[in-house]
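Q: Before anything else, here's the structure in question.
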Amino acid sequence: MSIKTTSYYRDRYVRHLPTSFCTGCGNGMILNSFVRAVDELGVDLEKILSVSGIGCSAWIPSPHFNSDTLHVTHGRAIPFATGAKIFNNELTTVVFTGDGDGAGIGGNHLIHAARRNIDITTILVNNFSYAMTGGQVAPTTLLGLKTLTSPYGNLERPFDLCKLMQAAGATYVARWTTYHIRELRRSIMAALKNKGFSFVEVLSQCPIQQRRLFNLRPSDQLDMSSQILEMFKESTYIRHMPREENYFYIVPKGELSLSRRKVSNILSENSVEYKIGEVDRLFFGRILKVECRNIESFKKSLNLVKRFAKIGKVLRSRSGKIGLGVFVSKSSKEFTDSMREISAFEKGVEV
Amino acid sequence: MVRNSLSRICYNGEEGREMLAPGKHILLGNHACAEGALHVGCDFFAGYPITPASEISHYMAKWLSKLGGFYIQMEDEIASISAILGASWAGAKAMTATSGPGFSLMQENLSYAYMTETPCVIVNVQRSGPSTGQATLPAQQDVYQARYGAHGDYEAIVLTPWSVQEMFDLTVKAFNLSEKLRNPVILLADGAIGHMREGIIVPEKVKRIGRRCPESVECTPFDTDDPSLVPEMPVIGQGYHLLVTGSAHRSSGLRDYTPQQHRDTVERICTKIRRARNEIIEVDQNNIEDADIAVISYGVAARPSFGAMLKALDNGLKVGMLRLKTIWPFPDREIRKATEGIDNILVVEMNMGKIVREVERAVARRINVVLAPKVGGEVHTSDEIFQAIRRLKQ
């Protein structure tokens, strides 16, 4: 891949700048990854149809991506794309959707498109809430989180969309976050190349709504957006990577600073080499992370902390984390091709 | 299904387009509707099973792929109308068919179709409601839903067939109006017409109007200087870099919420239909010139009304009839003109009184307007209507 300037991508693929996204939004990063994926594959821009529904994610292609765009009603992007793709299957059809749009109101269309294995690439931007409308509870909001419409904590368990898509029959399924931007681009490329229903879920930051959603404390070093990215990094693991065994987490009991002091005291008294810090984790909020350089001191410190477990719950490196990576990648008969075979047979044409 | 498949021939000079040959046939109402769609060049159908409209889907599923078109059964009616709108932007002549409950689900995207000026044909074979009601029985209760069901300001085009022949003819007309005016067109049939077998004559040549496509990629898909106010419609995948949105938009399709912009858009999408009203509206007049009483009816209710008129004429009563083939835009001028010098109007419809209000508005209380309603899934008998006419004379 030759090196291309930002203006190269901007002039060719993007229109109506500046975007209307809030400062620090993940949508720009997703548009960027998509544009680079399209460029790297050399897909004909005139044959791309991007369809989106309602929500912040819908504004990624419309009006910003310089292809044919359909900006449709809430949750209905996939059936609109289905109609267009069936009629003209030379189109590279991409649906941009959000967690509310795609998994809430449009959930039925999502599973049926996967079941049909129609050649549509769906990029689902998951920000764990309905962000455009002010931050209401969504089908992806984690259990117990407080939103405007779940003021006493969310009682519903969230969807694991990748497992859902896998079960429904999608032939390419992957999940990344906006922290994993290179992997995301590669997955979008694979999804565009896959002939069949492809689903890429992107966990994305919303610096406006997620501060309240995840109860984040503003820090001096990082802006809110970067802080959420750090949290995504800390709360996820990549499925095919080997497990790292040199750190663990402590979910504190009561005051965080008090637990931190207690843990530090225990470890220092037993002359363990360690590094302790505070991190944000999805599900757990702000917790302690203890790192040890070598495996011996890791084991020793883990045992020590477990013995004095009254200071909090101890988490191994992967426990409670969201798995990232490619879940499904297989080939299976594509729907619009099958349709054309019937048509040709009925008309007596040799395929 | 048509029993004698030998009667299907290559038609309109197009190689491989197998359709029902011109001439006389006996057809089911719903099949006549589907056949009309095939003749006018429908090449995309998305639907969801519902009584009493399913036969349209069955027919399309069988024949459309033989003609190079595409049929798909979607997961619900919401997806069905979404798919036809998507296909329409990809260049298809697209159609769906449903009944009351499904039509309710379609309202949101029907509104999208008005806003984005997307041609499509929606057949509503009405059944008796509210709710699931009498699933297999006819009614005319969706008259207002077809006009006002979707949110926002728009002008609806709604055609009401009274026979199997008109299921064919008005489907053809629906497609032509839709493509020409870039507006959804609703064919408001009912369970009785849809499930009736009758003789029809397939014409030698079916008039086909295609949409106007812009010659240059530098076009304005949502505004025009043309006096028809109907902009040319680009097709997806041909380099137009289209922006289509249900949000308020400029002539290019770019979102724009400014008051003037949206006012212009809404005024234009309403005015384009109002300007074309003479082309859209068809009213069948019978014996109205020297009548004292006018019977106004439409759809299946017009059949017993016609019988009642003949009976009344035999009994020496001066009765005429206006049959509305188009109910929206409402033919108020036509009714006003035709009923000059008339004393009484009897409106016959299979609901609790809907079109009767429009008739009252049209004649502005100059003439006594009486309703002959009927609900419960039974069509009026001509005797019931005859008695209603007699009561008017007393």
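Q: Quick one: which residues, 5 or more positions from A:Ile322 or on another chain, have an amide H under 5 Å from its amide H? H modelled 1.01 Å from N in the peptide plane, none for Pro or chain starts.
A: A:Thr236, A:Tyr237
Q: Let me ask something additional. Can you classify region A:87-153 as rounded, prolate or oblate using the Cα gyration tensor, where a ≥ b ≥ c are the square roots of its eigenvalues, rounded means a/c under 1.5, and otherwise it's prolate if a/b beats b/c and oblate if not? Can you show the working numbers first?
A: Values: a/c = 3.75, a/b = 2.60, b/c = 1.44.
Prolate, since a/c reaches 1.5 and a/b exceeds b/c.
Q: Shifting gears a bit: Can you tell me the dipole magnitude for region B:285-393 around its Cα centre, using point charges on the Cβ only (Lys, Arg +1; Asp, Glu -1), in Debye to the nearest 20? Show your work: numbers first, answer last.
A: On the way: 17 positive and 14 negative charges, 47 e Å.
Roughly 220 debye, rounded to the nearest 20.
Q: Looking at B:Ile345, B:Leu38, B:Pro331, which one has the Cα that reaches farthest to the positive end of the dipole of chain B (charges on Cβ: Lys, Arg +1; Asp, Glu -1)?
A: Highest projection toward the positive end goes to B:Ile345.
Q: Hey, got the dipole for chain B? About the Cα centre, +1 on K and R Cβ, -1 on D and E Cβ, debye to the nearest 20?
A: Details: 43 positive and 46 negative charges, 116 e Å.
Taking the Cα centre of chain B as origin, the dipole is about 560 debye.
Q: Using only the Cα atoms of region A:263-351, what semi-axes does the equivalent ellipsoid have when each is the square root of 5 times a gyration tensor eigenvalue? Give whole Å, largest first. Walk me through the intermediate numbers first.
A: Values: eigenvalues 685, 36, 18 Å².
After scaling each eigenvalue by five and taking roots: 59, 13, 9 Å.
Q: Starting from the exponent 0.38 and prefactor 2.2 Å, build the expected Rg for chain B from its residue count and divide its actual Cα Rg by it.
A: Working: Rg = 21.2 Å, N = 394, 2.2 N^0.38 = 21.3 Å.
Output field value: 1.00.
Q: Can I ask one more? Checking the cross-link filter: which aspartates and glutamates have an alpha carbon closer than 12 Å to that of B:Lys318, excluding same-chain neighbours under 8 positions apart?
A: Output for B:Lys318: B:Glu289, B:Asp290, B:Asp292, B:Asp343.
Q: List the aspartates and glutamates whose Cα sits under 14 Å from the Cα of B:Lys272, skipping any in the same chain fewer than 8 residues away.
A: B:Glu117, B:Asp153, B:Glu155, B:Glu179, B:Asp223, B:Asp225, B:Asp226, B:Glu232, B:Asp264
Q: Give me the net charge for the shell around B:Pro101: Cβ to Cβ below 14 angstrom, other residues only, Lys and Arg +1, Asp and Glu -1.
A: For residues surrounding B:Pro101, the net value is -2.
Q: Turning to a different aspect of this structure: Under the 0.36 nm per residue contour assumption, what length would be gained going from the current alpha-carbon distance of B:Thr271 and B:Asp383 to full extension?
A: Working: separation 112, 0.36 × 112 = 40.32 nm, distance 4.22 nm.
Contour length minus the Cα-Cα distance gives 36.1 nm.
Q: If the chain between A:Arg115 and A:Thr5 were fully stretched, how many nm would it gain, using 0.36 nm times the residue separation less the Cα-Cα distance? Kindly include the intermediate steps, with their values, before the conclusion.
A: Values: separation 110, 0.36 × 110 = 39.60 nm, distance 3.99 nm.
My answer for the length gained is 35.6 nm.
Q: What net charge is computed for the residues neighbouring B:Gly47, neighbours being all others with C-beta under 12 Å from the C-beta of B:Gly47, Lys and Arg scored +1, Asp and Glu -1?
A: Working: positive: none; negative: B:Glu55, B:Glu75, B:Asp76, B:Glu77.
For residues surrounding B:Gly47, the net value is -4.
Q: Just to compare against my own numbers: the Cα pair-distance distribution for region B:285-393, 5 Å bins, whole % per bin, please.
A: Spelled out per bin, shortest first, that is 3, 14, 27, 27, 20, 8, 1.
Q: Short version: what are the Cα gyration tensor semi-axes of region B:155-235, square root of 5 times each eigenvalue, largest first, in whole Å?
A: Numbers: eigenvalues 206, 39, 14 Å².
Working through the eigenvalues yields semi-axes of 32, 14, 8 Å.
Q: So, in nm, how far is label B:Asp256 from label A:Lys306 when the simple model puts each one 7 Å beyond its Cα toward the Cβ?
A: Using points 7 Å along Cα→Cβ, the separation is 6.7 nm.
Q: I need the Kirkwood Rh of chain A: take the reciprocal of the average 1/r across all distinct C-alpha pairs and report it in angstrom. Before the final figure, lay out each step's value.
A: Details: mean 1/r = 0.0458 Å⁻¹.
Value: 21.8 Å, from the Cα pair sum.
Q: Treating the angle as unsigned and between 0 and 90°, give the value, to the nearest 10°, between the Cα long axis of helix A:335-346 and the longest Cα principal axis of chain A.
A: Roughly 20 degrees between the two axes.
Q: Tell me the Rg and the Dmax, in Å, that the Cα atoms of region B:15-202 produce.
A: For region B:15-202, the Cα radius of gyration and maximum Cα-Cα distance read 14.8, 46 Å.
Q: Here is a follow-up. So if R0 is 45 Å, what FRET efficiency would B:Arg361 and A:Leu142 give, r being the distance between their Cβ atoms, rounded to the nearest 0.05? Intermediate values should be presented prior to the final figure.
A: Working: r = 56 Å, r/R0 = 1.24.
Plugging the Cβ-Cβ distance into 1/(1 + (r/R0)^6) gives 0.20.
Q: Report the one residue of B:Leu254, B:Gly316, B:Val121 whose Cα lies farthest in the direction of the positive end of the charge dipole of chain B (charges on C-beta: Lys and Arg +1, Asp and Glu -1; origin at the Cα centre).
A: B:Gly316
Q: Now, a different point. Which aspartates and glutamates have a Cα lying under 16 Å from the Cα of A:Lys347, excluding residues fewer than 8 positions away in the same chain?
A: A:Asp337, B:Glu14, B:Glu15, B:Glu18, B:Asp43
Q: For the pairs A:Lys233/A:Lys275; A:Lys4/A:Lys195; A:Lys233/A:Lys330; B:Lys207/B:Lys337, flag any whose C-alpha to C-alpha distance is greater than 24 Å.
A: Details: A:Lys233/A:Lys275 18 Å; A:Lys4/A:Lys195 28 Å; A:Lys233/A:Lys330 28 Å; B:Lys207/B:Lys337 30 Å.
As for pairs spanning more than 24 Å Cα to Cα, those are A:Lys4/A:Lys195; A:Lys233/A:Lys330; B:Lys207/B:Lys337.
Q: If you place +1 on the Cβ of every Lys and Arg, -1 on the Cβ of every Asp and Glu, and leave all else neutral, what size is the dipole of the protein assembly as shown about its Cα centre, to the nearest 20 Debye? Present the calculation step by step, with values, prior to reporting the outcome.
A: Details: 90 positive and 78 negative charges, 598 e Å.
Dipole of the protein assembly as shown, to the nearest 20 debye: 2880 debye.
Q: Under the rule of -39500 (n - 2.57) per DSSP H run of 4 or more residues, summed and divided by the residues of the protein assembly as shown, what mean residue ellipticity at 222 nm is obtained, to the nearest 500 deg cm²/dmol? It would help to have the intermediate numbers written out before the result.
A: Working: 24 runs with 262 residues, N = 745.
Calculated mean residue ellipticity at 222 nm is -10500 deg cm²/dmol.
Q: Please arrange B:Asp292, B:Asp223 by how many other C-beta atoms lie within 10 Å of their C-beta, fewest to most.
A: Values: B:Asp292 14, B:Asp223 17.
Least to most surrounded, the residues fall as B:Asp292, B:Asp223.
Q: Same structure, new question: FRET efficiency for A:Lys233 and B:Asp76, Cβ-Cβ distance as r, R0 = 41 Å, nearest 0.05?
A: Details: r = 40 Å, r/R0 = 0.97.
Using R0 = 41 Å, I get an efficiency of 0.55.
Q: Shifting gears a bit: What is the spin-label model distance, in nm, from A:Arg243 to A:Glu273 if the labels are put 7 Å beyond Cα along the C-beta direction?
A: 2.4
Q: Could you line up B:Lys393, A:Lys85 from fewest to most neighbouring Cβ atoms inside 10 Å? Before the final figure, lay out the partial values.
A: Values: B:Lys393 14, A:Lys85 26.
With the fewest neighbours first, B:Lys393, A:Lys85 line up as B:Lys393, A:Lys85.
Q: Moving on. Rounded, prolate or oblate: pick one for region A:230-303, where a ≥ b ≥ c are the square roots of the eigenvalues of its C-alpha gyration tensor, a/c under 1.5 means rounded, and failing that, prolate if a/b is larger than b/c, else oblate.
A: Values: a/c = 2.70, a/b = 1.16, b/c = 2.32.
It comes out oblate by the Cα gyration axes.
Q: In angstroms, what radius of gyration and Dmax does region B:17-67 have, counting Cα atoms only?
A: 10.7, 31
Q: Shifting gears a bit: Give the shape of the protein assembly as shown as rounded, prolate or oblate, defined through the alpha-carbon gyration tensor: a ≥ b ≥ c are the square roots of its eigenvalues, a/c under 1.5 means rounded, and otherwise the shape is prolate if a/b is larger than b/c and oblate if not. If you can, show how the numbers build up before the last one.
A: On the way: a/c = 2.59, a/b = 2.19, b/c = 1.19.
Prolate is the answer for the protein assembly as shown, as a/c is 1.5 or above and a/b outweighs b/c.
Q: Give the long-range amide H neighbours of B:Gln126: residues separated by 5 or more places, or on another chain, with amide H under 5 Å away, using H modelled in the peptide plane at 1.01 Å from N.
A: Excluding prolines and chain starts, which carry no amide H, the hits are B:Ala189, B:Asp190, B:Gly191.
Q: Just name one of B:His151, B:Ala61, B:Gln387: the one whose Cα is farthest towards the positive end of the charge dipole of chain B (beta-carbon charges, Lys/Arg +1, Asp/Glu -1).
A: Selected residue: B:Gln387.
Q: Hey, fewest Cβ within 10 Å first, where do A:Ile30, A:Ile120 land in order?
A: Numbers: A:Ile30 24, A:Ile120 29.
Final ranking by Cβ density, sparse to dense: A:Ile30, A:Ile120.
Q: List, in order, the whole-Hz ³J(HN,Hα) value for each residue of region B:134-150 obtained from phi through the Karplus relation with A = 6.51, B = -1.76, C = 1.60 and θ = phi - 60°; use x for Gly and Pro.
A: With the stated coefficients, region B:134-150 comes to 9, 4, 9, 10, x, 6, 10, 8, 9, 4, 7, 4, 5, 8, 10, x, 7 Hz.
Q: Now, a different point. Would you look at the GNM of chain A, springs on alpha carbons closer than 10 Å, and say which of A:Val328, A:Val314, A:Val202 moves the most?
A: A:Val314
Read-outs: derived from the displayed coordinates by stated rules, not from any lab. Everything numeric in this text was worked out from a predicted model, so none of it was measured. Neighbour counts run over all protein chains shown; Cβ positions are idealised from the backbone, glycine included.
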